[in-house]
Amino acid sequence: MRVAVGLVLCLMLASVPVASAQSDSNEDEAWPGDPIDSHVHMTWAALTLEVNGWADDYPDIVDLADVGESELGKTLWVVRISDWSMETKANGSVKEIVYIDGGHHGNEYLGTALAYLSAKWYIDGWVEGNQEAVDALQNTEIHVLIMLNPDGNDIDTRWNINQVDLNRNYDHYWNTCPTTQPGSSAFSESETAANSDYMNTVVPNADLYVTMHTGVWIMLYPWGKWPEQPQDWELYHQIREDVNQDISDIPIQNANQGLYPNCGTSRDYGYGVMGYPTFTFETDDEQFVPGSIENLNDRLGEEMDVMRYLITNVWYWRARLDVQSLEIMDDEITIDVENMGQASAANTSLQYVDSNGNALWTSSLFTVNATNSSTVTLDAENLSMTTDGTWQLYYQIRVVESSRWVAEPINQSVVATVVDESSNLLIGYGLFNPVSIIAGFVLVTAFVHREESDETDV
Ligand SMILES: [Zn+2]
(Lines give C-alpha, C1' and ligand atoms only; values in the text may rest on other atoms or scores of the structure.)
Protein backbone atom coordinates (compact mmCIF):
# COMPACT_ATOMS: atom_id res chain seq x y z
CA MET A 1 0.00 0.00 0.00
CA ARG A 2 1.38 3.39 -0.99
CA VAL A 3 1.26 6.21 1.49
CA ALA A 4 1.96 9.87 0.95
CA VAL A 5 3.03 12.38 3.50
CA GLY A 6 4.71 15.70 2.88
CA LEU A 7 7.83 16.89 4.60
CA VAL A 8 5.99 19.41 6.73
CA LEU A 9 3.46 16.86 7.80
CA CYS A 10 6.28 14.46 8.48
CA LEU A 11 8.03 16.97 10.75
CA MET A 12 4.84 17.98 12.52
CA LEU A 13 3.85 14.43 13.17
CA ALA A 14 7.30 13.03 13.71
CA SER A 15 6.09 10.72 16.42
CA VAL A 16 3.22 9.37 14.38
CA PRO A 17 3.98 6.02 12.77
CA VAL A 18 4.10 6.12 8.99
CA ALA A 19 1.48 3.42 8.74
CA SER A 20 -1.10 5.79 10.12
CA ALA A 21 -0.51 8.39 7.40
CA GLN A 22 -3.12 8.87 4.75
CA SER A 23 -3.34 6.44 1.92
CA ASP A 24 -2.33 7.65 -1.51
CA SER A 25 -5.57 8.23 -3.31
CA ASN A 26 -3.98 7.88 -6.70
CA GLU A 27 -2.66 4.36 -6.96
CA ASP A 28 -2.23 4.79 -10.69
CA GLU A 29 0.68 7.14 -10.24
CA ALA A 30 2.49 4.88 -7.84
CA TRP A 31 5.93 3.51 -8.54
CA PRO A 32 5.19 -0.20 -8.37
CA GLY A 33 6.94 -1.81 -5.45
CA ASP A 34 7.24 -1.78 -1.72
CA PRO A 35 8.77 0.76 0.61
CA ILE A 36 12.12 -0.40 1.95
CA ASP A 37 14.10 1.81 4.30
CA SER A 38 13.95 5.28 2.82
CA HIS A 39 12.99 4.41 -0.72
CA VAL A 40 10.55 2.44 -2.76
CA HIS A 41 12.06 -0.64 -4.24
CA MET A 42 10.64 -2.03 -7.44
CA THR A 43 11.64 -5.61 -8.08
CA TRP A 44 12.24 -6.97 -11.54
CA ALA A 45 9.10 -9.10 -11.07
CA ALA A 46 7.00 -6.01 -10.32
CA LEU A 47 8.46 -4.25 -13.35
CA THR A 48 7.72 -7.26 -15.53
CA LEU A 49 4.07 -7.23 -14.49
CA GLU A 50 3.86 -3.50 -15.04
CA VAL A 51 5.35 -3.33 -18.54
CA ASN A 52 3.38 -6.36 -19.72
CA GLY A 53 0.26 -4.64 -18.41
CA TRP A 54 1.10 -1.57 -20.50
CA ALA A 55 1.57 -3.68 -23.61
CA ASP A 56 -1.75 -5.50 -23.01
CA ASP A 57 -3.71 -2.37 -22.23
CA TYR A 58 -2.32 -0.03 -24.91
CA PRO A 59 -1.25 -2.09 -27.93
CA ASP A 60 -1.71 0.91 -30.26
CA ILE A 61 1.20 2.73 -28.64
CA VAL A 62 3.17 0.20 -26.56
CA ASP A 63 5.33 -2.44 -28.14
CA LEU A 64 7.19 -4.49 -25.53
CA ALA A 65 10.44 -6.15 -26.59
CA ASP A 66 12.51 -8.82 -24.88
CA VAL A 67 16.03 -7.76 -25.82
CA GLY A 68 18.19 -10.13 -23.82
CA GLU A 69 18.80 -11.54 -20.38
CA SER A 70 20.71 -10.61 -17.28
CA GLU A 71 23.49 -12.92 -16.13
CA LEU A 72 20.91 -14.72 -13.96
CA GLY A 73 18.46 -15.02 -16.86
CA LYS A 74 16.04 -12.20 -16.10
CA THR A 75 14.49 -10.67 -19.22
CA LEU A 76 15.65 -7.19 -20.20
CA TRP A 77 12.54 -5.32 -21.33
CA VAL A 78 12.45 -2.42 -23.74
CA VAL A 79 9.18 -0.49 -23.79
CA ARG A 80 8.75 1.07 -27.22
CA ILE A 81 6.23 3.85 -27.35
CA SER A 82 4.95 5.58 -30.46
CA ASP A 83 1.78 5.90 -32.48
CA TRP A 84 2.36 2.59 -34.23
CA SER A 85 -0.54 3.18 -36.63
CA MET A 86 1.81 5.59 -38.42
CA GLU A 87 5.08 4.32 -39.78
CA THR A 88 6.28 7.86 -40.45
CA LYS A 89 5.29 11.34 -39.44
CA ALA A 90 2.16 12.76 -41.05
CA ASN A 91 4.33 14.55 -43.62
CA GLY A 92 6.04 11.29 -44.59
CA SER A 93 9.38 12.01 -42.98
CA VAL A 94 11.10 9.61 -40.63
CA LYS A 95 10.22 9.76 -36.94
CA GLU A 96 12.95 10.82 -34.55
CA ILE A 97 14.17 8.15 -32.15
CA VAL A 98 14.82 8.61 -28.43
CA TYR A 99 16.65 5.93 -26.47
CA ILE A 100 16.56 5.87 -22.69
CA ASP A 101 17.97 3.37 -20.24
CA GLY A 102 17.92 3.13 -16.46
CA GLY A 103 19.19 0.91 -13.72
CA HIS A 104 22.81 0.26 -14.70
CA HIS A 105 23.47 0.43 -10.99
CA GLY A 106 21.04 -1.74 -9.04
CA ASN A 107 20.84 0.47 -5.96
CA GLU A 108 20.00 3.72 -7.76
CA TYR A 109 16.24 3.67 -7.45
CA LEU A 110 15.42 7.22 -8.43
CA GLY A 111 17.38 6.94 -11.66
CA THR A 112 15.52 3.78 -12.54
CA ALA A 113 12.29 5.48 -11.49
CA LEU A 114 12.98 8.37 -13.87
CA ALA A 115 13.34 5.92 -16.77
CA TYR A 116 10.09 4.27 -15.70
CA LEU A 117 8.36 7.63 -15.46
CA SER A 118 9.68 8.74 -18.85
CA ALA A 119 7.77 5.85 -20.41
CA LYS A 120 4.72 6.21 -18.22
CA TRP A 121 4.31 9.94 -18.73
CA TYR A 122 3.85 9.49 -22.48
CA ILE A 123 1.55 6.49 -22.11
CA ASP A 124 -0.68 8.26 -19.58
CA GLY A 125 -0.57 11.43 -21.66
CA TRP A 126 -1.67 9.62 -24.77
CA VAL A 127 -4.53 7.94 -22.93
CA GLU A 128 -5.67 11.27 -21.48
CA GLY A 129 -5.39 13.04 -24.85
CA ASN A 130 -2.60 15.36 -23.69
CA GLN A 131 -1.57 17.19 -26.86
CA GLU A 132 2.15 17.25 -26.04
CA ALA A 133 2.16 13.48 -25.58
CA VAL A 134 0.03 12.85 -28.68
CA ASP A 135 2.32 15.03 -30.81
CA ALA A 136 5.42 13.38 -29.40
CA LEU A 137 4.17 9.88 -30.16
CA GLN A 138 3.14 10.84 -33.69
CA ASN A 139 6.58 12.24 -34.40
CA THR A 140 8.87 10.15 -32.25
CA GLU A 141 9.68 6.61 -31.19
CA ILE A 142 10.62 6.45 -27.51
CA HIS A 143 12.52 3.29 -26.53
CA VAL A 144 13.03 2.76 -22.80
CA LEU A 145 15.06 -0.02 -21.21
CA ILE A 146 13.96 0.72 -17.66
CA MET A 147 16.04 -1.76 -15.70
CA LEU A 148 19.34 -2.86 -17.22
CA ASN A 149 20.66 -4.60 -14.10
CA PRO A 150 17.76 -6.60 -12.61
CA ASP A 151 20.07 -8.97 -10.71
CA GLY A 152 21.76 -6.08 -8.92
CA ASN A 153 18.42 -4.31 -8.47
CA ASP A 154 16.84 -7.21 -6.69
CA ILE A 155 19.67 -7.53 -4.16
CA ASP A 156 20.12 -3.78 -3.76
CA THR A 157 23.68 -3.47 -5.04
CA ARG A 158 25.53 -1.25 -7.50
CA TRP A 159 27.17 -4.19 -9.30
CA ASN A 160 25.72 -6.92 -11.44
CA ILE A 161 25.79 -10.49 -10.16
CA ASN A 162 29.43 -10.90 -11.27
CA GLN A 163 30.43 -7.86 -9.20
CA VAL A 164 31.03 -5.83 -12.35
CA ASP A 165 30.26 -2.12 -12.65
CA LEU A 166 28.17 -2.23 -15.82
CA ASN A 167 28.77 1.44 -16.48
CA ARG A 168 32.49 0.79 -16.91
CA ASN A 169 32.02 -2.23 -19.17
CA TYR A 170 31.38 -0.54 -22.55
CA ASP A 171 33.74 -0.66 -25.47
CA HIS A 172 34.90 2.94 -25.46
CA TYR A 173 38.37 3.35 -23.97
CA TRP A 174 37.48 0.43 -21.70
CA ASN A 175 39.57 0.17 -18.54
CA THR A 176 41.77 3.15 -19.34
CA CYS A 177 40.86 5.28 -16.30
CA PRO A 178 41.50 4.67 -12.62
CA THR A 179 38.44 2.55 -12.11
CA THR A 180 37.12 -0.42 -10.22
CA GLN A 181 35.48 -3.58 -11.45
CA PRO A 182 35.17 -2.87 -15.18
CA GLY A 183 34.79 -6.60 -15.98
CA SER A 184 37.18 -8.98 -17.69
CA SER A 185 36.80 -7.27 -21.08
CA ALA A 186 34.51 -4.77 -22.77
CA PHE A 187 31.01 -6.22 -23.00
CA SER A 188 31.95 -9.23 -20.89
CA GLU A 189 28.54 -8.96 -19.19
CA SER A 190 25.29 -10.04 -20.82
CA GLU A 191 23.52 -6.83 -19.73
CA THR A 192 25.92 -4.43 -21.47
CA ALA A 193 26.26 -6.73 -24.48
CA ALA A 194 22.46 -6.70 -24.86
CA ASN A 195 22.33 -2.92 -24.51
CA SER A 196 24.98 -2.27 -27.14
CA ASP A 197 23.37 -4.85 -29.42
CA TYR A 198 20.09 -2.97 -29.16
CA MET A 199 21.81 0.32 -29.92
CA ASN A 200 23.59 -1.09 -32.95
CA THR A 201 20.74 -3.11 -34.45
CA VAL A 202 17.49 -1.34 -33.50
CA VAL A 203 18.31 2.29 -32.73
CA PRO A 204 21.59 3.00 -34.54
CA ASN A 205 20.13 6.31 -35.73
CA ALA A 206 18.80 7.53 -32.39
CA ASP A 207 18.59 11.30 -32.11
CA LEU A 208 18.96 11.33 -28.33
CA TYR A 209 20.26 8.90 -25.71
CA VAL A 210 19.74 9.51 -22.01
CA THR A 211 21.11 7.07 -19.45
CA MET A 212 19.65 7.48 -15.97
CA HIS A 213 21.43 7.17 -12.63
CA THR A 214 21.26 8.42 -9.06
CA GLY A 215 23.96 10.44 -7.37
CA VAL A 216 24.65 14.15 -7.33
CA TRP A 217 21.83 16.08 -8.98
CA ILE A 218 23.45 16.81 -12.34
CA MET A 219 23.29 16.16 -16.05
CA LEU A 220 26.53 15.05 -17.63
CA TYR A 221 27.45 15.19 -21.28
CA PRO A 222 30.58 13.63 -22.86
CA TRP A 223 33.32 13.10 -22.23
CA GLY A 224 34.00 11.12 -19.09
CA LYS A 225 37.34 10.09 -20.54
CA TRP A 226 38.71 13.57 -21.28
CA PRO A 227 38.41 16.99 -19.63
CA GLU A 228 38.06 18.72 -23.01
CA GLN A 229 34.69 19.78 -24.31
CA PRO A 230 33.15 17.37 -26.84
CA GLN A 231 33.20 18.16 -30.56
CA ASP A 232 29.50 19.03 -30.44
CA TRP A 233 29.94 21.46 -27.55
CA GLU A 234 27.67 24.02 -29.24
CA LEU A 235 24.75 21.61 -29.07
CA TYR A 236 25.36 20.72 -25.42
CA HIS A 237 25.88 24.32 -24.40
CA GLN A 238 22.71 25.43 -26.16
CA ILE A 239 20.71 22.75 -24.38
CA ARG A 240 22.25 23.80 -21.07
CA GLU A 241 21.32 27.40 -21.71
CA ASP A 242 17.73 26.51 -22.60
CA VAL A 243 17.26 24.18 -19.63
CA ASN A 244 18.84 26.53 -17.08
CA GLN A 245 16.97 29.54 -18.39
CA ASP A 246 13.51 28.07 -18.72
CA ILE A 247 13.18 24.78 -16.88
CA SER A 248 15.60 23.84 -14.12
CA ASP A 249 18.75 24.97 -12.36
CA ILE A 250 20.20 21.49 -12.64
CA PRO A 251 23.96 21.74 -13.34
CA ILE A 252 24.89 20.47 -16.82
CA GLN A 253 28.55 19.69 -17.35
CA ASN A 254 31.08 17.58 -19.14
CA ALA A 255 31.27 14.33 -17.15
CA ASN A 256 35.02 14.36 -16.58
CA GLN A 257 34.89 17.83 -15.00
CA GLY A 258 31.45 17.57 -13.45
CA LEU A 259 32.12 14.25 -11.78
CA TYR A 260 35.49 12.56 -12.20
CA PRO A 261 37.33 10.79 -15.03
CA ASN A 262 35.38 7.71 -16.03
CA CYS A 263 35.91 5.34 -18.94
CA GLY A 264 33.93 2.60 -20.62
CA THR A 265 30.63 4.28 -19.74
CA SER A 266 27.47 3.93 -21.79
CA ARG A 267 27.44 7.71 -22.21
CA ASP A 268 30.86 7.90 -23.85
CA TYR A 269 30.02 4.80 -25.91
CA GLY A 270 26.71 6.32 -27.01
CA TYR A 271 28.43 9.49 -28.19
CA GLY A 272 31.86 8.28 -29.25
CA VAL A 273 30.86 5.05 -30.99
CA MET A 274 27.18 5.48 -31.86
CA GLY A 275 27.30 9.22 -32.53
CA TYR A 276 24.21 9.98 -30.42
CA PRO A 277 23.79 13.22 -28.51
CA THR A 278 24.04 11.74 -25.04
CA PHE A 279 23.38 12.69 -21.43
CA THR A 280 23.78 10.93 -18.12
CA PHE A 281 20.88 12.13 -16.00
CA GLU A 282 21.76 11.83 -12.31
CA THR A 283 18.85 12.37 -9.97
CA ASP A 284 19.76 13.37 -6.44
CA ASP A 285 20.64 10.74 -3.89
CA GLU A 286 18.30 11.79 -1.12
CA GLN A 287 15.84 9.17 -2.23
CA PHE A 288 12.53 9.91 -0.56
CA VAL A 289 11.97 11.88 2.59
CA PRO A 290 12.74 9.43 5.42
CA GLY A 291 9.60 7.83 6.72
CA SER A 292 7.54 8.99 3.77
CA ILE A 293 6.94 8.19 0.18
CA GLU A 294 6.06 10.99 -2.14
CA ASN A 295 4.11 10.61 -5.30
CA LEU A 296 6.63 9.82 -7.99
CA ASN A 297 5.36 12.52 -10.32
CA ASP A 298 5.89 15.10 -7.61
CA ARG A 299 9.25 13.72 -6.59
CA LEU A 300 10.64 13.74 -10.14
CA GLY A 301 8.50 16.46 -11.68
CA GLU A 302 11.37 18.83 -12.44
CA GLU A 303 13.47 16.03 -13.94
CA MET A 304 10.52 15.06 -16.13
CA ASP A 305 10.17 18.67 -17.29
CA VAL A 306 13.75 18.45 -18.55
CA MET A 307 13.10 15.11 -20.22
CA ARG A 308 9.98 16.44 -21.92
CA TYR A 309 11.97 19.39 -23.26
CA LEU A 310 14.65 17.04 -24.62
CA ILE A 311 12.04 14.82 -26.28
CA THR A 312 9.77 17.58 -27.61
CA ASN A 313 12.73 19.27 -29.28
CA VAL A 314 14.60 16.16 -30.43
CA TRP A 315 14.32 17.25 -34.08
CA TYR A 316 16.86 20.01 -33.33
CA TRP A 317 19.63 17.86 -31.83
CA ARG A 318 21.58 17.60 -35.09
CA ALA A 319 22.53 19.76 -38.04
CA ARG A 320 19.64 20.27 -40.47
CA LEU A 321 20.90 22.00 -43.54
CA ASP A 322 18.42 23.78 -45.75
CA VAL A 323 19.68 25.24 -49.03
CA GLN A 324 18.05 28.61 -49.67
CA SER A 325 19.65 29.19 -53.07
CA LEU A 326 22.13 27.55 -55.40
CA GLU A 327 23.57 29.61 -58.20
CA ILE A 328 25.65 28.22 -61.00
CA MET A 329 27.83 30.89 -62.53
CA ASP A 330 30.67 30.16 -64.87
CA ASP A 331 33.13 27.90 -63.03
CA GLU A 332 31.70 28.64 -59.62
CA ILE A 333 28.69 27.65 -57.59
CA THR A 334 27.42 29.77 -54.75
CA ILE A 335 25.04 28.35 -52.21
CA ASP A 336 23.25 29.86 -49.23
CA VAL A 337 22.73 27.29 -46.53
CA GLU A 338 20.72 27.69 -43.38
CA ASN A 339 21.20 25.36 -40.44
CA MET A 340 17.81 24.73 -38.83
CA GLY A 341 19.29 22.38 -36.22
CA GLN A 342 21.49 23.10 -33.21
CA ALA A 343 24.58 21.05 -34.03
CA SER A 344 27.24 22.02 -36.53
CA ALA A 345 27.52 19.97 -39.70
CA ALA A 346 30.81 18.24 -40.39
CA ASN A 347 32.37 17.38 -43.75
CA THR A 348 29.67 18.99 -45.82
CA SER A 349 29.86 18.79 -49.61
CA LEU A 350 27.59 19.69 -52.48
CA GLN A 351 27.04 16.82 -54.89
CA TYR A 352 25.66 16.52 -58.39
CA VAL A 353 24.07 13.09 -58.73
CA ASP A 354 22.55 11.01 -61.51
CA SER A 355 19.13 9.37 -61.35
CA ASN A 356 20.62 6.37 -59.54
CA GLY A 357 22.00 8.60 -56.81
CA ASN A 358 25.61 8.19 -57.93
CA ALA A 359 27.68 11.28 -57.39
CA LEU A 360 28.92 12.68 -60.72
CA TRP A 361 30.64 15.58 -59.04
CA THR A 362 31.49 16.47 -55.44
CA SER A 363 32.57 19.88 -54.22
CA SER A 364 35.31 20.54 -51.73
CA LEU A 365 34.30 20.26 -48.08
CA PHE A 366 32.84 23.15 -46.16
CA THR A 367 31.43 23.84 -42.71
CA VAL A 368 28.07 25.10 -41.58
CA ASN A 369 28.06 26.09 -37.94
CA ALA A 370 25.25 25.40 -35.51
CA THR A 371 22.24 27.68 -35.74
CA ASN A 372 23.47 30.02 -38.40
CA SER A 373 23.67 30.55 -42.13
CA SER A 374 26.59 30.27 -44.49
CA THR A 375 27.21 31.50 -48.00
CA VAL A 376 29.75 29.29 -49.68
CA THR A 377 31.37 29.66 -53.09
CA LEU A 378 32.66 26.43 -54.57
CA ASP A 379 34.97 25.78 -57.48
CA ALA A 380 32.97 23.94 -60.17
CA GLU A 381 35.54 23.74 -62.94
CA ASN A 382 35.24 19.96 -63.24
CA LEU A 383 31.47 19.84 -63.24
CA SER A 384 29.73 18.34 -66.27
CA MET A 385 25.97 18.58 -66.19
CA THR A 386 23.56 16.02 -67.60
CA THR A 387 19.88 15.94 -68.43
CA ASP A 388 18.84 13.96 -65.35
CA GLY A 389 21.27 15.30 -62.77
CA THR A 390 20.10 16.68 -59.45
CA TRP A 391 21.75 18.32 -56.46
CA GLN A 392 22.16 17.09 -52.92
CA LEU A 393 24.05 17.93 -49.76
CA TYR A 394 26.14 15.19 -48.21
CA TYR A 395 27.22 15.71 -44.62
CA GLN A 396 27.58 14.43 -41.08
CA ILE A 397 24.73 15.55 -38.88
CA ARG A 398 26.99 16.20 -35.90
CA VAL A 399 30.68 16.91 -35.53
CA VAL A 400 31.83 13.87 -33.57
CA GLU A 401 33.59 11.43 -35.90
CA SER A 402 31.06 8.65 -35.34
CA SER A 403 28.06 10.74 -36.31
CA ARG A 404 25.78 9.66 -39.10
CA TRP A 405 26.14 10.72 -42.74
CA VAL A 406 23.10 11.90 -44.68
CA ALA A 407 22.47 12.73 -48.33
CA GLU A 408 19.62 15.22 -48.63
CA PRO A 409 18.20 16.36 -51.98
CA ILE A 410 18.13 20.06 -52.70
CA ASN A 411 14.81 21.40 -53.87
CA GLN A 412 15.11 22.07 -57.59
CA SER A 413 13.20 25.34 -57.24
CA VAL A 414 16.12 27.05 -55.50
CA VAL A 415 18.60 26.20 -58.27
CA ALA A 416 19.43 28.96 -60.72
CA THR A 417 21.91 29.20 -63.52
CA VAL A 418 23.12 32.73 -63.95
CA VAL A 419 23.61 33.63 -67.59
CA ASP A 420 26.03 36.34 -68.59
CA GLU A 421 23.78 38.41 -70.86
CA SER A 422 26.64 40.42 -72.26
CA SER A 423 27.71 37.41 -74.29
CA ASN A 424 24.46 35.47 -74.17
CA LEU A 425 26.28 32.42 -75.43
CA LEU A 426 26.48 29.26 -73.43
CA ILE A 427 29.65 28.30 -75.26
CA GLY A 428 31.32 31.02 -73.27
CA TYR A 429 30.86 29.14 -70.04
CA GLY A 430 33.61 26.94 -68.82
CA LEU A 431 31.06 25.17 -66.74
CA PHE A 432 29.90 23.22 -69.77
CA ASN A 433 32.30 21.06 -71.64
CA PRO A 434 31.60 20.54 -75.34
CA VAL A 435 29.78 17.21 -74.99
CA SER A 436 27.29 18.56 -72.54
CA ILE A 437 26.51 21.87 -74.14
CA ILE A 438 23.16 20.70 -75.42
CA ALA A 439 22.24 19.02 -72.18
CA GLY A 440 23.30 22.12 -70.37
CA PHE A 441 21.18 24.29 -72.60
CA VAL A 442 18.14 22.18 -71.79
CA LEU A 443 18.87 22.52 -68.11
CA VAL A 444 19.49 26.21 -68.24
CA THR A 445 16.19 26.86 -69.90
CA ALA A 446 14.47 24.65 -67.39
CA PHE A 447 15.94 26.46 -64.43
CA VAL A 448 14.42 29.54 -63.03
CA HIS A 449 16.05 32.32 -64.93
CA ARG A 450 17.31 35.09 -62.76
CA GLU A 451 18.67 38.46 -63.69
CA GLU A 452 22.36 39.02 -63.52
CA SER A 453 22.11 41.95 -61.13
CA ASP A 454 23.13 41.02 -57.59
CA GLU A 455 23.51 37.40 -58.51
CA THR A 456 27.26 37.50 -58.68
CA ASP A 457 27.73 38.91 -55.21
CA VAL A 458 29.13 36.51 -52.69
ZN1 LIG B 1 24.95 5.01 -11.40
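The values are calculated or read from the model by the stated rules, or taken from the named source; none is laboratory data. Quantities reported herein were computed from a predicted structural model and do not represent experimental measurements. For neighbour counting, all protein chains shown are included, and Cβ atoms are generated from backbone atoms with ideal geometry for every residue, glycine included.
Taking the stretch 120-136 as the range and being over 20 Å from E50 (Cα atoms) and in contact with a strand residue (DSSP E or B) (Cβ under 9 Å, 6 or more places away or on another chain) as the test, only A136 passes.
The single condition from (1) surrounded by fewer than 17 Cβ atoms within 10 Å (Cβ to Cβ); (2) within 16 Å of the ligand (Cβ to nearest atom); (3) charged (D, E, K, R) that D305 fails is (2). Summed over the stretch 188-202, residues that are within 16 Å of the ligand (Cβ to nearest atom) and either more than 20 Å from A119 (Cβ to Cβ) or among the basic types (K, R) (or both) total 2. Can you confirm whether L360 is assigned to a strand (DSSP E or B), at pLDDT 95 or above and in contact with a Phe, Trp or Tyr (Cβ under 6 Å, 6 or more places away or on another chain)? Against the criterion (assigned to a strand (DSSP E or B), at pLDDT 95 or above and in contact with a Phe, Trp or Tyr (Cβ under 6 Å, 6 or more places away or on another chain)), L360 qualifies. Do we have any residue at all in the stretch 239-261 that's farther than 23 Å from T140 by Cβ, within 16 Å of the ligand (Cβ to nearest atom) and either small (G, A, S) or surrounded by 24 or more Cβ atoms within 10 Å (Cβ to Cβ) (or both)? Yes, the stretch 239-261 contains at least one residue that is farther than 23 Å from T140 by Cβ, within 16 Å of the ligand (Cβ to nearest atom) and either small (G, A, S) or surrounded by 24 or more Cβ atoms within 10 Å (Cβ to Cβ) (or both).
Candidates Y122, Y170: the one that is within 14 Å of the ligand (Cβ to nearest atom) and not β-branched (V, I, T) is Y170. Could you please let me know if N160 is in the same structural domain as L110 (by TED's automatic domain parsing), touching a Phe, Trp or Tyr at 6+ places or on another chain (Cβ under 9 Å), modelled with pLDDT of 95 or more and within 16 Å of the ligand (Cβ to nearest atom)? When the stated conditions are applied, N160 does not pass them. Test A133 against the stated conditions and say whether it is free of Cβ contacts under 8 Å to residues at least 60 places away in the same chain and among the small types (G, A, S). Here the answer is yes, as A133 does meet what is asked. The single residue among M212, M199 that is surrounded by 24 or more Cβ atoms within 10 Å (Cβ to Cβ) and of a type in the set (A, V, I, L, M, F, W, C) turns out to be M212.
Taken residue by residue, the stretch 78-89 has no member that is out of contact with any strand residue (DSSP E or B) (no Cβ under 6 Å at 6 or more places or on another chain), of a type outside the set (V, I, T) and either under 30 Å from L259 (Cα atoms) or within 16 Å of the ligand (Cβ to nearest atom) (or both).
Considering the stretch 203-218, and only residues there that are in contact with a Phe, Trp or Tyr (Cβ under 6 Å, 6 or more places away or on another chain) and within 15 Å of the ligand (Cβ to nearest atom), the residue that is farthest from E96 (Cα to Cα) turns out to be M212.
Tell me, please, whether a residue that is away from the ligand (no atom under 13 Å from the Cβ), assigned by TED's automatic domain parsing to the domain that holds Y276, in contact (Cβ under 8 Å) with a residue 60 or more places away in the chain and closer than 23 Å to R404 by Cβ can be found in the stretch 180-187. Taking every residue of the stretch 180-187 in turn, at least one turns out to be away from the ligand (no atom under 13 Å from the Cβ), assigned by TED's automatic domain parsing to the domain that holds Y276, in contact (Cβ under 8 Å) with a residue 60 or more places away in the chain and closer than 23 Å to R404 by Cβ.
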